[in-house]
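Chemist: First the structure, which I've put down as structure tokens, then a few questions once you've had a look.
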Amino acid sequence: MSAILNPMGILQKSERPGMPLLVTAAVIFDKENVLITRRPKDKIHAGLWEFPGGKVDPGESPEEALCREIREELDAEIRVKGIFEVAFYRYDWGPVLILAYSCQLLTTDLCNVGVADHRWVHPRELTRFSILPADQPIIARLNGQSDHFAPPSSES
């Protein structure tokens, strides 16, 4: 068994070394803008921006994990609609597999509970932020630079 430091800054034992850490991300729109959050000072990659979400705990589905993470980070409720993008990235501490979901925000107010900050940003402006490298394929998809781009559906 080996141990890795996951994106949440927690030492995680892995029975399958080299297997990616399963992480979820929420792509939430408010009209033309998308929600990003800033990682807190006490976490790995502190100060960088990302799409809200986090790791999938044992026994959770990715959708359950994403709803839990949004509650923990922003004190908000979401409805998970479907996969928006899947991304793989290898950090120096290990690989991650990100399942990014299109989500609908069900809460009107957001509180920075487990994040340093949050912003609503037009997708074209995301390049002005220091965003985690693992989230770059999500940004590319938002800006129509992906081979399989399809704009998010506005249907509920």
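Chemist: For the structure I just gave you, tell me whether Arg68 is over 17 Å from Met19 (Cα atoms) and either modelled with pLDDT of 95 or more or out of contact with any helix residue (DSSP H, G or I) (no Cβ under 7 Å at 6 or more places or on another chain) (or both).
Modeler: Taking the combined requirement at face value, the residue satisfies it.
Chemist: A follow-up question, please. Among (1) in contact with a strand residue (DSSP E or B) (Cβ under 7 Å, 6 or more places away or on another chain); (2) modelled with pLDDT under 90; (3) surrounded by 12 or more Cβ atoms within 10 Å (Cβ to Cβ), where does Leu22 come up short?
Modeler: So the condition that Leu22 fails would be (2).
Chemist: Please work out which residue is farthest from Thr108 (Cα to Cα), limiting yourself to segment 36-49 and to residues that are assigned to a loop (DSSP other than H, G, I, E, B) and hydrophobic (A, V, I, L, M, F, W, C).
Modeler: Only one residue tops the list, namely Ile44.
Chemist: Right, next: When segment 47-75 is examined, which residues are found to be in contact (Cβ under 8 Å) with a residue 40 or more places away in the chain and either farther than 21 Å from Val86 by Cα or of a type in the set (Val, Ile, Thr) (or both)?
Modeler: Gly47, Ile70, Glu72, Glu73, Leu74
Chemist: Same structure again: Could you check, for segment 30-45, whether at least one of its residues is over 15 Å from the mean Cα position of the chain (by Cα), among the charged types (D, E, K, R), on the phi > 0 side of the Ramachandran plot and at pLDDT below 95?
Modeler: Yes, the conditions are met somewhere in segment 30-45.
Chemist: Please specify each residue of segment 113-132 satisfying the condition of being more than 22 Å from Arg71 (Cα to Cα) and surrounded by 14 or more Cβ atoms within 10 Å (Cβ to Cβ).
Modeler: Answer for segment 113-132, where residues must be more than 22 Å from Arg71 (Cα to Cα) and surrounded by 14 or more Cβ atoms within 10 Å (Cβ to Cβ): Pro123, Leu126, Phe129.
The values are calculated or read from the model by the stated rules, or taken from the named source; none is laboratory data. Keep in mind it's a predicted model, so treat the numbers as computed, not measured. Glycine also receives a Cβ, built like all others from the backbone with ideal geometry; neighbour counts cover every protein chain displayed.
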